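Down below is the structure, laid out as C-alpha cells.
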Amino acid sequence: MKPQDPLLHVLGQSVYVDDLPEPAGMLHAAVFGSPIAHGLLRGLDVRQARAIPGVVAIVTAADVPGRNQIGGMVQDEPLLADGAVHFVGQPVACVVATSREAAHRGVAALTADIDELPGVFEPREAHRLGQLIIPSRTMARGDVDAALATAAVVVRGQTRTGSQEHLYLETQGALAVPEEGGRVRIVSSTQAPTAVQRAVAGVLGVGMHDVEVDVTRLGGGFGGKEDQATPWAALAGLAAWLLRAPVKLVLSREDDMRMTGKRHPYDADYAMGLTGDGDIVAWQVEFFQNAGASADLSPAVLERSLLHATASYGIANVRAIGHCCRTNLPPFTAFRGFGGPQAMFVMESALDHAARVLGVDRSVLQQRNLTRTGDVQPCGMPIRSDNAVRTFEQVISQFGFAAKQREIAAFNAANRRFKRGAALMPVCFGISFTTTFLNQASALVHVYTDGSIAVSTGAVEMGQGVNAKIQAAVAGVFGVADARVRLESTNTARAANTSPTAASSGADLNAAAAAQAARAIAERLKSHAAALLECPESAVALADGRVTAHGAATEWTFEKLAQAAYFARVSLSAQAHYATPGILFNRATESGVAFAYHVFGTALTEVTLDALLGTYTIDRVSCVHDVGTSLRRDIDRGQVEGGIVQGVGWMTMEEVVYRDGKLQSANLGTYKVPDILAAPALDVAWLEEPNAPSHVTGKAVGEPPLMYGIGAYFALLNAVRAAGVAADGMLEAPMTPERALLLLCGERP
Amino acid sequence: MPDGPLSGRLEREIQFVLNHRVVALRAHPATPLLDAIRGTFGQKATKEGCREGDCGACTVLLGQLRDGQMAYRAVTSCLVPIGDVAGQHVVTVEGLQGTAQQPTPVQAALVAELGTQCGFCTPGIVMALTGFLLTAPHLKQDEATLALAGNICRCTGYAPILRAAAALVAQHQPLATATDRVPGLVATRALPGYFARIPQLLAELPPRVRLTQLPAGARVVAGATDLLVQGPHRLLDHEVALAGDLCGDAIEVVDGDLVIGAGATMEALSHHPLFLAFVPEMPQYARLIASQQIRERATLAGNIVNASPIGDFVILLLALGAHIRLQGPDGTREMPLDQFHTGYKRMDLRPREWLAAIRLPAGQRDKRVAFEKVSKRTHLDIASVNSALWIQVDGQRIVAARLAAGGVAPVPKFLSQTSEALRGKPLDNATVRLAGELARAEVTPISDVRGSALYKSRLLERQVFAHFQRLFAIEEGLP
C-alpha cells in the first residue's frame, strides 16, 4: 500500500517537476524579463541569442496562436509583453534551447529596445493619479462620522506594511508535452490546475479539453502558486505546442524572485474613536493596496482586507475603504492570509496608538473589545461564537500573561542593554473564498476489486497535509486503514473546473466531496452485503476492514465484498460535488454571509532586544488555537507552527526592497527568512470546545496562524519603549534591526 | 548541465565515489557538484533550491581520507566545484539506502515528528542530521541545531525538526564518545554497510594533481562559496586552478608566528587551538559567519581575495594585523593585509600571482579581540556592518589598538585614524565616545539592500561601543 508523503520525502523519492524523467528530445526554456519598469517596447534584438549553440527558438507575443492573455479576475495580463512593459521582470520572450545553460545564455544575449516611461511604485501616488485596477470599494455599517464626532478619544494615523516573498523552496516550473491531435499535457507546480488549463487553452486557441494539467505535489505554495504558476506553465505549453517537442521551464531562484509577485504592501489611514473607558465606538480605515502592474488576485485580496477591517473586535460603527492601486511592480498576489494580515496590522497599530493616549496597556483595549456572539461584522454577517474571548482568556491563564509582564518589568528595570517585551495577538479569520462560486469541489473515488481505493479531487498537496486529511476521511467512510487509500495526482481530466487550493479551504471542500463520493459507494456495498448476509441494510456496517452485521464481525473482508460487488455488477466508482451551504456574499451591496465560519485564536509573543545594537530575538510564541474536532491534530500543529514562524518573518527580517522598480532583494543572500536559530520556541495549545460544529476535517488551519506573527512587531515595539524611546511615529513593518536601531537612536529614516 | 560551448577543451576526467560506487565523468572542474549529481548521474533526491548555499536543500556529505580515517562534512553541493570532489566520497539521500520498510533513524524521526511538509528541503535536512550524527563532537542538541543552521524550511517553523533532532540525540548518546562513529552508525542503520569499504575505494583512486605554477589566464578557485554564487558561467568559460591543487591548508607555528595555509577553511581555523590563542572567542564568533556547510568549504584566502567589503574573516584578520604571502612566477612577497585592497574589488595582485598563506605575527597573540556583526538575520547572512577591535591595554590605558570594519567603505576597511587615536588614551566613556565619533568620520557607507548609509554609520558607532562593553564593561551608549 502507498507510503504517505512524509516517508517519500525523507527517502528522497518524492517527485517534483524538475525531478520528472525527461522525455526524449526535451527542450529547456528560460524567460527574458523586461529590464525596465515602464516603457514602450519597440523591438527585441535576437541576433546574438540565436547564434548561441543550442538555442532552438525565441518565442515572443507574435507567436501566440490564440489570445496573448492570462488574466484571471481581470483580463489585463498579457502572457508575453506586447507593445509595452509594465514591470521589471515582465516576460518579454521565452528562449528555448537544448540545455538549461544554453537557454540562460540565450536570455543573457537578448536586448530589448524600450522607450522608458515614468514608473509609479507607491500606492498612494497611483491613487492620486487615478491608477486603480477596480473602482474603490467601501464596506460600512453604522454611522462612523457621528461616532467619531462624539467619541471621548479619537486617534488618527497612518501605517505601512511591506511585501513578503513566498520563498516556496521549489521554484515555479512546468513540463509540457505535446500529444496527438494537438493536445498538450502539462505537469505544473500550481495550486490552480484549472486556471492553468484555462489560460493555456486560451493562449493556444484550443478547447480546455485539449489541455491536461497534472499536479503531483508542490514544494511549497503559500499562495504564490495560485495565480502566478500560470505564466510559466503557459510559456512551456506554448513553446511545446509551437515546437512539437517537450519543453521544461523551471525558474531559477533569482528569476522567480524578480518575476513573480509577492504579498501586497499596504499603506493605510485610520481613525479610531473610543470611550474614556476604552470601548471602540468608531473605526474608519482606508487601505491603499499596492497591486502591482496587473490585477492578478488583488481585488479579492482587497476584499478580504475589507472583510477583516475590524480584525478580532466587535465595532458598531465602521467604514472601510479600499483602493486597488496599479503600480509598475510585479503583480502582487495571494499569500497566506490574503489581505487579512495587512488589515489586522492597521487595527493593532491603532490600538497601540489609543493605548498610548489612554495610558493603558494595549492588551486591556484588546480584551475589552473582542468580538463575541451577537456582534455583526461590517458586511452584515453575524458572529456566532465567543471563541475570540475564550482563546484570549485561555492564553492569559494558561501561559501566565500577568506573571510574565511582571517578570519582564523586573528584567527591564535590572538590565540596561537588553530589554524584553511581550504582546498578545488575537486572530479572527473568515473561512471560505469570498468569491462565493469558488466554494465548490468535486471528487472521484474508485474502489478496485482488490479493495484498494483511489481518490481524485481538486485539492493540491503542497505540504499542508490535505491528502492525508482526505485519505483519513475516505478511509473512515469505508472503515479501512488509511494506507488502503491512495490519493491520485490532481488532474484536470479527473477533476474538472476545480477551485484553486487556497483560502485554507482545500481540506474543507475536497474532503467533503471525497467523503460524499465514498459514502455513495459505501451505501452500494452495504446494500450488497445486506443481500449476501440476508440481514437488513441498517444492520450492516464497514469497520476495521470488514463487514459487520448487527455489530458483529462477519467473514466478509472489505476486499472480498468489493470483489463480490463487482461480479454482481455494482458500480464501485462515484463522483460527487460539494458546495459550501449557507454562504452568499454580494459585491454590489458589499454585504452578506461571506464565510462558512470564523477561526479564532490568540498568541502571546515574547522578545528580547539588544538596545545597543538594535538586534533582537523572538524568544517564544505561545498560542491557543481554535481548530475544532480534527482528524489529524499532528498536521494541524504543523500548520500552526509553520504559520507563526512565517508571520514572524514578515514582521521582522523579511524585507522586500525595490529601487526604481528593480528588486534589490532578489536572492537568498539579500532576502532572509527565519532559519532554525531565528525561529522562536513554540507552545501550541488547542481551544477545547466540546460542542464544536462538526467539519469533516476540523476547522481550516492553513492561514489563521500566520497572523499570530503580528504580535512579534508589537512585542518589539514594547521592548523599544522599555529602552526609554517613545516610538510614537507612524508604524511601519517589518521591524528590521535597522528600523529598531534607528528608533533607538531617535533617527527618522 | 552546464555544458557550455567553450567548456569542452577545459574539461578534465574526474573520479570520485558517489554513494557506494566509483564514478567518473569529464567536466569543467568548476561545474557545481549538484549539477553532476542531478544531471550526469540522474540522482534527483538532492534538490536545487537557490544555487547560492543559502537554503541547504542540496546538502550532501563529503568524505575524505585523512590519516587513514574518513573525515566527513556536510556541504552545499551547489557550491562545490566538481574538481574538488576528485578522490572523495559523496553521499546523497539515495546513498543512505533507507527504504519504506526500513528508513534510517534520521528519516524515521523526521516522519514520526512530521518534520517534513512539502518535502523539498527534506533531503537536505536528512543529510545535515546524518552529518551531525557522524561528526558532532558531543552529539548534543545545540550541536544538532547548529548543524541545521544552513537549512531553510519554509513550512514547519522548525519545531518538529528540532523534536526529531532531540529524539536522535537521545537515541545516539552511546556513540558520543566513539572515536570512529561509522561502525556504530552502521549498526543503528543510520549509515549503510558499504561505508566500511569506502576508505579502500578511495585509496585506489588517482591522487590529486599538484600545481607549482598558476597557468596563464587561469582563475584561482578556492572554496568557491562566493564565486559559484556569482554564477558558474563566469567560471566555466575559463581555465581555473583549484586552490586545493595549489596551496596547502596547514595551520602551524613557524618562527613563532602563526602561518595559515591559504587552503585552510574557516571551520578548521575557527576551532584550531593555535588560532584560539589569538581569538579565544572564535568558536562563538564563527556562528555568526555563514553556516557550518559553508564554513566547511570557505577559505580565509578566498575571503581576502574575493575583496568583498563585507567579508567577515578579513575584518578579523585586519584587526589582528595579519600579513599575507603572495606567490608568483617571480617568487614570494609579503605585505600587511591592510595594504592589499586598493579599491572596490581591486587589489595588489600581479598576473599569475596567488595568495599562498596568511601570517599572524607572534606579538599579536594574547591581546584582546572583539568581533561584532549585525545583519537582518543573525545567522547565515551578510553583514550590514561588521567590525573587529584588537586592543592591548596596560591597566586602564590603551597601549595599541586596531579597529577594522566592513560594509562602510569600498574595501574591508582598516580604520587607521581611529586606531591611532586610541593609542595612549584612558579606558573610559569619553574615549569610547571619541572612538565612535572618529570611526563614523572615517567611513563612507552607501545605502543599499543591507541598510541605509545613516543606519550603517550609526551601527558602526554602536558596534564600537559594544566592543568596549564586551572587553571592558564600559557602558557607553546604553539607555
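Is one or more of the residues making up the range A:292-309 in contact with a helix residue (DSSP H, G or I) (Cβ under 6 Å, 6 or more places away or on another chain), open to solvent by less than 10 Å² (accessible area, probe 1.4 Å) and of a type in the set (D, E, K, R)? Looking for residues that are in contact with a helix residue (DSSP H, G or I) (Cβ under 6 Å, 6 or more places away or on another chain), open to solvent by less than 10 Å² (accessible area, probe 1.4 Å) and of a type in the set (D, E, K, R), one finds at least one in the range A:292-309, hence yes. Of the residues contained in the range A:130-145, none is found to be within 22 Å of the chain's Cα centre (by Cα), buried (at least 19 other Cβ atoms within 10 Å of the Cβ) and within 14 Å of another protein chain (Cβ to nearest Cβ).
Can you find, within the range A:715-742, the residue that is nearest to the other protein chains (Cβ to nearest Cβ) among those that are over 27 Å from the mean Cα position of the chain (by Cα) and acidic (D, E)? The extreme case among them is A:E738.
This table checks each residue for (1) among the aliphatic types (A, V, I, L, M); (2) more than 17 Å from B:A322 (Cα to Cα); (3) in contact with a strand residue (DSSP E or B) (Cβ under 6 Å, 6 or more places away or on another chain); (4) modelled with pLDDT under 95.
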residue: B:N386; (1), (2), (3), (4): no, yes, yes, no
residue: B:G406; (1), (2), (3), (4): no, no, yes, no
residue: B:A409; (1), (2), (3), (4): yes, yes, no, no
residue: B:S416; (1), (2), (3), (4): no, no, no, no
residue: B:N429; (1), (2), (3), (4): no, yes, no, no
residue: B:E437; (1), (2), (3), (4): no, yes, no, no
residue: B:P445; (1), (2), (3), (4): no, yes, no, no
residue: B:A453; (1), (2), (3), (4): yes, yes, no, no
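Within the range B:45-63, is there a residue that is open to solvent by 10 Å² or more (accessible area, probe 1.4 Å), within 11 Å of chain A (Cβ to nearest Cβ) and touching a Gly at 6+ places or on another chain (Cβ under 7 Å)? Give the steps one after another, and end with the answer.
Filtering the range B:45-63 down to residues open to solvent by 10 Å² or more (accessible area, probe 1.4 Å) leaves B:48, B:50-52, B:54.
Still in the list and also within 11 Å of chain A (Cβ to nearest Cβ): B:48, B:50-52, B:54.
Pick out the ones that are also touching a Gly at 6+ places or on another chain (Cβ under 7 Å) and you get B:52, B:54.
Looking through the range B:45-63, at least one residue is open to solvent by 10 Å² or more (accessible area, probe 1.4 Å), within 11 Å of chain A (Cβ to nearest Cβ) and touching a Gly at 6+ places or on another chain (Cβ under 7 Å).
For the range A:250-267, a residue qualifies if it is crowded, with 22+ Cβ neighbours inside 10 Å, among the acidic types (D, E) and closer than 12 Å to A:L668 by Cβ, and exactly one does: A:D256.
Taking every residue in the range A:636-647 that is more than 7 Å from chain B (Cβ to nearest Cβ) and pairing it with any residue that is polar (S, T, N, Q), at least 6 positions away or on another chain, the pairs with Cβ-Cβ distances below 6 Å are A:D636/A:S630.
Is it fair to say B:A224 is within 21 Å of A:G669 (Cβ to Cβ) and either buried (at least 21 other Cβ atoms within 10 Å of the Cβ) or in contact (Cβ under 8 Å) with a residue 12 or more places away in the chain (or both)? For B:A224, the condition - within 21 Å of A:G669 (Cβ to Cβ) and either buried (at least 21 other Cβ atoms within 10 Å of the Cβ) or in contact (Cβ under 8 Å) with a residue 12 or more places away in the chain (or both) - is met. When the test is whether a residue is within 25 Å of A:F222 (Cβ to Cβ) and either open to solvent by less than 10 Å² (accessible area, probe 1.4 Å) or not assigned by TED's automatic domain parsing to the domain that holds B:Q293 (or both), B:Y158 passes it.
Of the residues that sit in the range B:353-404 and are within 14 Å of chain A (Cβ to nearest Cβ) and aliphatic (A, V, I, L, M), which one is farthest from B:V443 (Cα to Cα)? Before you say what the answer is, go through the steps one by one.
Residues of the range B:353-404 that are within 14 Å of chain A (Cβ to nearest Cβ), as a first pass: B:370-387.
Adding the requirement that they be aliphatic (A, V, I, L, M) leaves B:370, B:374, B:380, B:382-383, B:385.
Details: B:A370: 19, B:V374: 17, B:L380: 25, B:I382: 19, B:A383: 16, B:V385: 11 Å.
The selected residue is B:L380.
The residue pairs whose first member lies in the range A:447-474 and is away from chain B (no Cβ under 14 Å) and of a type in the set (D, E, K, R), whose second member is open to solvent by less than 10 Å² (accessible area, probe 1.4 Å) and not in a strand (DSSP E or B), and whose beta carbons are closer than 8 Å, counting only pairs six or more residues apart or on different chains, are A:D450/A:A562. With B:A164, B:A136, B:A149 as the choices, which residue is modelled with pLDDT of 95 or more, more than 9 Å from every other protein chain (Cβ to nearest Cβ) and under 30 Å from A:G223 (Cβ atoms)? Only one candidate passes the filter, namely B:A164.
If we keep just the residues of the range B:232-257 that are under 30 Å from A:R105 (Cβ atoms) and among the charged types (D, E, K, R), which is farthest from the other protein chains (Cβ to nearest Cβ)?
Of all residues in the range B:232-257, those under 30 Å from A:R105 (Cβ atoms) come to B:232-246.
With among the charged types (D, E, K, R) added as a condition, the list becomes B:234, B:237, B:239, B:245.
Working: B:R234: 11, B:D237: 10, B:E239: 18, B:D245: 25 Å.
Selected residue: B:D245.
Screening B:N151 on (1) of a type in the set (S, T, N, Q); (2) open to solvent by less than 10 Å² (accessible area, probe 1.4 Å); (3) without any contact (Cβ under 8 Å) to a residue 60 or more places away in the chain shows it passes everything except condition (3). For the condition buried (at least 17 other Cβ atoms within 10 Å of the Cβ), among the hydrophobic types (A, V, I, L, M, F, W, C), not assigned by TED's automatic domain parsing to the domain that holds B:A356 and not in a loop (DSSP other than H, G, I, E, B), B:L235 qualifies.
When restricted to residues that are charged (D, E, K, R), closer than 23 Å to B:G131 by Cβ and not in a loop (DSSP other than H, G, I, E, B), the range B:188-221 contains 1. Listed by first and then second residue, the pairs linking a residue in the range A:722-744 that is touching a residue at least 40 places away in the same chain (Cβ under 8 Å) and assigned to a loop (DSSP other than H, G, I, E, B) to a residue that is open to solvent by 40 Å² or more (accessible area, probe 1.4 Å) and not charged (D, E, K, R), with Cβ atoms under 8 Å apart and 6 or more places separating them unless they lie on different chains, are A:A723/B:P479; A:M730/A:Q158.
Is it true that some residue in the range B:76-83 is at pLDDT 95 or above, within 12 Å of another protein chain (Cβ to nearest Cβ), in a loop (DSSP other than H, G, I, E, B) and buried (at least 24 other Cβ atoms within 10 Å of the Cβ)? No, because not a single residue in the range B:76-83 is at pLDDT 95 or above, within 12 Å of another protein chain (Cβ to nearest Cβ), in a loop (DSSP other than H, G, I, E, B) and buried (at least 24 other Cβ atoms within 10 Å of the Cβ). Checking every residue in the range A:93-110 against the condition of being open to solvent by less than 70 Å² (accessible area, probe 1.4 Å) and either within 18 Å of A:T327 (Cβ to Cβ) or in the same structural domain as A:F287 (by TED's automatic domain parsing) (or both) gives zero matches. Considering the range B:328-348, and only residues there that are in contact (Cβ under 8 Å) with a residue 40 or more places away in the chain and more than 20 Å from B:A409 (Cα to Cα), the residue that is most open to solvent (accessible area, probe 1.4 Å) turns out to be B:P329. Scanning the range B:141-187 for residues that are over 21 Å from B:G124 (Cβ atoms) and either of a type in the set (A, V, I, L, M, F, W, C) or part of a loop (DSSP other than H, G, I, E, B) (or both) gives B:A170, B:L175, B:A176, B:T177, B:A178, B:T179, B:D180, B:V182, B:V186, B:A187.
Scanning the range B:87-128 for residues that are within 20 Å of B:I37 (Cα to Cα), open to solvent by less than 30 Å² (accessible area, probe 1.4 Å) and more than 7 Å from every other protein chain (Cβ to nearest Cβ) yields a count of 12. For A:A233, state whether it is in the same structural domain as A:E212 (by TED's automatic domain parsing), crowded, with 23+ Cβ neighbours inside 10 Å and within 10 Å of A:Q172 (Cα to Cα). Here the answer is yes, as A:A233 does meet what is asked.
Residues to consider are B:A100, B:A109; find the one that is in contact (Cβ under 8 Å) with a residue 40 or more places away in the chain and of a type outside the set (F, W, Y).
Details: B:A100 fails: in contact (Cβ under 8 Å) with a residue 40 or more places away in the chain.
Exactly one of B:A100, B:A109 is in contact (Cβ under 8 Å) with a residue 40 or more places away in the chain and of a type outside the set (F, W, Y), namely B:A109.
For the range B:281-298, a residue qualifies if it is open to solvent by less than 20 Å² (accessible area, probe 1.4 Å) and more than 23 Å from A:T670 (Cβ to Cβ), and exactly one does: B:M282. Among the residues making up the range A:82-111, those that are closer than 20 Å to A:P231 by Cα, in contact with a Leu (Cβ under 9 Å, 6 or more places away or on another chain) and not in a loop (DSSP other than H, G, I, E, B) are A:A84, A:V85, A:P91, A:V92, A:A93, A:C94, A:V95, A:V96, A:A97, A:A103.
The values are calculated or read from the model by the stated rules, or taken from the named source; none is laboratory data. Since the structure is predicted, the reported quantities are computational estimates derived from the model, not experimental observations. For neighbour counting, all protein chains shown are included, and Cβ atoms are generated from backbone atoms with ideal geometry for every residue, glycine included. We work out accessible area using only protein heavy atoms, side chains counted, and drop any ligands, DNA or RNA first. Shrake-Rupley method; radii C 1.70, N 1.55, O 1.52, S 1.80 Å.
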